[in-house]
Amino acid sequence: MNYPVARKMLLVLLAVLMTSAAAVAAEPVKVLLKGKDDAITGYLREVGQARFILQSEGAFYQFEAQELISVNGRTTPAPEDLGQGRLVTTALYEKVLADGDVEVWTNLDIENTGTAMIEIVDWGAAAWELENGYSCDLRDQFGNSLPVEIIPRADGNYRIEVQLPVPVAPLETVRLNLKTLRRGAAHLTEGGTWRYQYNVDYPEDRFFVRKIELPAGTEVDVPAGWWLHEMDGRLFLHSYFYYPARTRVPQVIEYRLP
């Protein structure tokens, strides 16, 4: 594809931002909070002035600076204690169908942390996603339907590229509303249990708000860090998760259909 120079510069800028976000590998830290007898081991990030989030194995915490006693024995977190780089907030509503297909609605908030206007956003898709019927309908926060181009990559996977009708200024955040159908995302095991797995592995820090709707009458094993809610006979699993860049943590839901 032939881009004007400005667009080429923009794509280079995005690549640099994503690379720098993943350059420093996050490490778990030990956090002692007021009201807790023991330190909590997990990933820590400052998300606002004197406001933090902490993801441990199976539990998510939000707290203010005055609740923080120490991080790795220090009263003030060091830069290496905190998640760094761009933080992308992703809200997911996943409707699991009886045949194993999953309809996914995604609200994706992307902040422009650079110095140039953003006209194009893109992300990767694995070959198996397209082979299993990957499809998408994308809109921005203004209701514009966005053109989506699927471009093969040299590694056998694909780049999903989106042209924005309204550019995103520095320090501004764009919200993309994406609907996808993931065919066969849940599969039936030999023991008769269905298994739905979502792999977390991104080039930037991510904060997830997930809501999964299961077929009526489903029996589900509620994993740690999730809670179950029933409304009008419909079952919903909810969770909050923070994952630093390049942290591969599969989230698995196991359930049994009636």
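Kindly indicate whether E190 is surrounded by fewer than 18 Cβ atoms within 10 Å (Cβ to Cβ), part of a strand (DSSP E or B), more than 16 Å from the chain's Cα centre (by Cα) and modelled with pLDDT of 85 or more.
The answer is no for E190.
Taken over region 72-130, the criterion of being of a type in the set (D, E) and in a strand (DSSP E or B) is satisfied by E94, E103, D109, E111, E119, D122. The set of residues in region 31-58 being among the hydrophobic types (A, V, I, L, M, F, W, C) and at pLDDT below 90 consists of V47, A50.
Within region 55-97, the set of residues being of a type in the set (V, I, T) and over 16 Å from the mean Cα position of the chain (by Cα) comprises I69, V71, T75, T76, V96. Screening G233 against (1) out of contact with any Phe, Trp or Tyr (no Cβ under 8 Å at 6 or more places or on another chain); (2) at pLDDT 85 or above leaves a single unmet condition, (2).
Filtering R139, R45, R153, R74 for residues that are in contact with a helix residue (DSSP H, G or I) (Cβ under 8 Å, 6 or more places away or on another chain) and among the basic types (K, R) leaves a single hit, R74. Filter region 151-162 down to the residues that are exposed (fewer than 13 other Cβ atoms within 10 Å of the Cβ) and under 21 Å from I118 (Cα atoms) and list them by number. Correct list: I151 only.
Name the single residue that is modelled with the highest pLDDT among those in region 90-115 being among the small types (G, A, S) and surrounded by 15 or more Cβ atoms within 10 Å (Cβ to Cβ).
Result: G100.
Give the residue that is modelled with the lowest pLDDT, with candidates limited to residues of region 166-185 that are in contact with an Asp or Glu (Cβ under 7 Å, 6 or more places away or on another chain) and over 29 Å from Y196 (Cα atoms). Within region 166-185, the match that is modelled with the lowest pLDDT is V174. Being assigned to a strand (DSSP E or B), under 14 Å from the mean Cα position of the chain (by Cα) and surrounded by 15 or more Cβ atoms within 10 Å (Cβ to Cβ), is that true of even one residue in region 214-222? Checked region 214-222: no residue is assigned to a strand (DSSP E or B), under 14 Å from the mean Cα position of the chain (by Cα) and surrounded by 15 or more Cβ atoms within 10 Å (Cβ to Cβ).
Working only within region 74-88, note down all residues that are polar (S, T, N, Q) and surrounded by fewer than 18 Cβ atoms within 10 Å (Cβ to Cβ).
Across region 74-88, the qualifying residues are T75, T76.
Taken over region 193-213, residues that are within 18 Å of T90 (Cα to Cα) and surrounded by 13 or more Cβ atoms within 10 Å (Cβ to Cβ) amount to 14. Scanning region 167-187 for residues that are more than 25 Å from Q141 (Cα to Cα) and assigned to a strand (DSSP E or B) yields A186, H187.
The values are calculated or read from the model by the stated rules, or taken from the named source; none is laboratory data. Model, not experiment: these values are computed from the prediction. All Cβ positions, glycine included, derive from the backbone under ideal geometry; neighbour counts span all protein chains shown.
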